[in-house]
């Protein structure tokens, strides 16, 4: 009889936990209009990094580009741009865009002090 | 005897489970949106996204692509959103470049006569989960709207940018003062600047330098497209004398001090100046 009570006790805990999880993950979801840049879908992120690269083309300021990339990765690294190049190629971006990204990646790699210490 | 025991232990278990579930789902591992669209970003991050669009446009001049990107944000009025953000950023010297890029993009869109329509289908519903974002990257599911490639662009022909529509200020063109007028119908002591070219067309994106005894600043026309593409203003500090110049070699207007006006009750208040510049 005791084991039966223990069984139902555990079942009730499991049921309660399920209800709690459903509330937290399904009913009480975070605000849909309050997402961060880091939550953007990968192709949007690639486009965002491309925009940073295009801005860099005109500004030629690696520190400014790094600050902008910091919205996607903290701390930002040249690897983020390198991965964007790979993804952009997969997504079929035109060659000019790939070159813009490549120039930014190269600039960030040579911008050694803050980036060299990154893993 | 045991059969008649209270089932209170079941309620206890249920409550314990609910508490544990809530703690886990709300505190330990709360739901995080992944794979969201730009329209789902917070207002702050949408501003960052919009600024980058403008800076990219400033670099490549591709208005069609800028429009495609802007439509992802699903602003009700794209031009207005750009202009408002430009006005906000103008206040900070560190973001003036972004402000100018935003203003130029707003003006470029306005000059093409395009009225961008937000495409709700561009929005992508996020998926909530407790996993780390980007853990399930599926590039095959990528949408082309975020990765516009010129040959596959599907905007209607009316959205084709016309580079000649974007009036570019000529830095060396001398702008001279054609009208200087004291104004009293203002809430704050403003210097209102209107800039037109030789044909009388309003000129956006013109740099206006302003100097006073112990400082200087600059601002641009076109940040208030709702007022005028060639309009800009600057708030004066009362009893400070300013000098102002439009463009690099324009005429310098001096002795601009907030004039004292009087309201209907005879109470004094600070007025402003309306300055109209044009090319000869």
Seminar exercise, completed: Going through region B:28-44 in order, the residues found to be in a helix (DSSP H, G or I), facing chain A (nearest Cβ under 7 Å) and closer than 18 Å to residue A:29 by Cβ are B:40
Exercise. Within 11 Å of another protein chain (Cβ to nearest Cβ) and touching a residue at least 24 places away in the same chain (Cβ under 8 Å): does that describe residue A:86?
Worked result: no
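I need a count of the residues in region B:55-93 that are in a helix (DSSP H, G or I), within 13 Å of the chain's Cα centre (by Cα) and more than 9 Å from chain A (Cβ to nearest Cβ).
Within region B:55-93, residues that are in a helix (DSSP H, G or I), within 13 Å of the chain's Cα centre (by Cα) and more than 9 Å from chain A (Cβ to nearest Cβ) number 14.
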Problem set entry | Residue list for region B:6-18, restricted to those being surrounded by fewer than 19 Cβ atoms within 10 Å (Cβ to Cβ) and facing chain A (nearest Cβ under 7 Å) | B:9, B:10, B:15, B:16
Exercise. Would region A:25-38 turn up any residue that is within 7 Å of chain B (Cβ to nearest Cβ), within 25 Å of residue B:43 (Cβ to Cβ), assigned to a helix (DSSP H, G or I) and touching a residue at least 12 places away in the same chain (Cβ under 8 Å)?
Worked result: yes
Exercise. Yes or no: residue B:12 without any contact (Cβ under 8 Å) to a residue 24 or more places away in the chain and either within 30 Å of residue A:25 (Cβ to Cβ) or touching a strand residue (DSSP E or B) at 6+ places or on another chain (Cβ under 7 Å) (or both)?
Worked result: yes
Problem set entry | In region A:61-81, the residues that are over 14 Å from the mean Cα position of the chain (by Cα) and touching a residue at least 12 places away in the same chain (Cβ under 8 Å) | A:62, A:63, A:65, A:66, A:78
For this session: Assess whether residue B:257 counts as being surrounded by 14 or more Cβ atoms within 10 Å (Cβ to Cβ) and without any contact (Cβ under 8 Å) to a residue 24 or more places away in the chain.
Result: yes
For this session: Could you please let me know if residue A:49 is assigned to a helix (DSSP H, G or I) and over 24 Å from residue B:97 (Cα atoms)?
Result: no
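Conditions tested, residue by residue: (1) closer than 30 Å to residue B:96 by Cβ; (2) outside the structural domain of residue A:102 (by TED's automatic domain parsing).
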position	(1), (2)
A:7	no, yes
A:20	no, yes
A:23	no, yes
A:41	no, no
A:48	yes, no
A:52	yes, no
A:55	yes, no
A:64	yes, no
A:69	yes, no
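The values are calculated or read from the model by the stated rules, or taken from the named source; none is laboratory data. Quantities reported herein were computed from a predicted structural model and do not represent experimental measurements. Cβ atoms come from the backbone with ideal geometry, glycine included; neighbour counts cover every protein chain shown.
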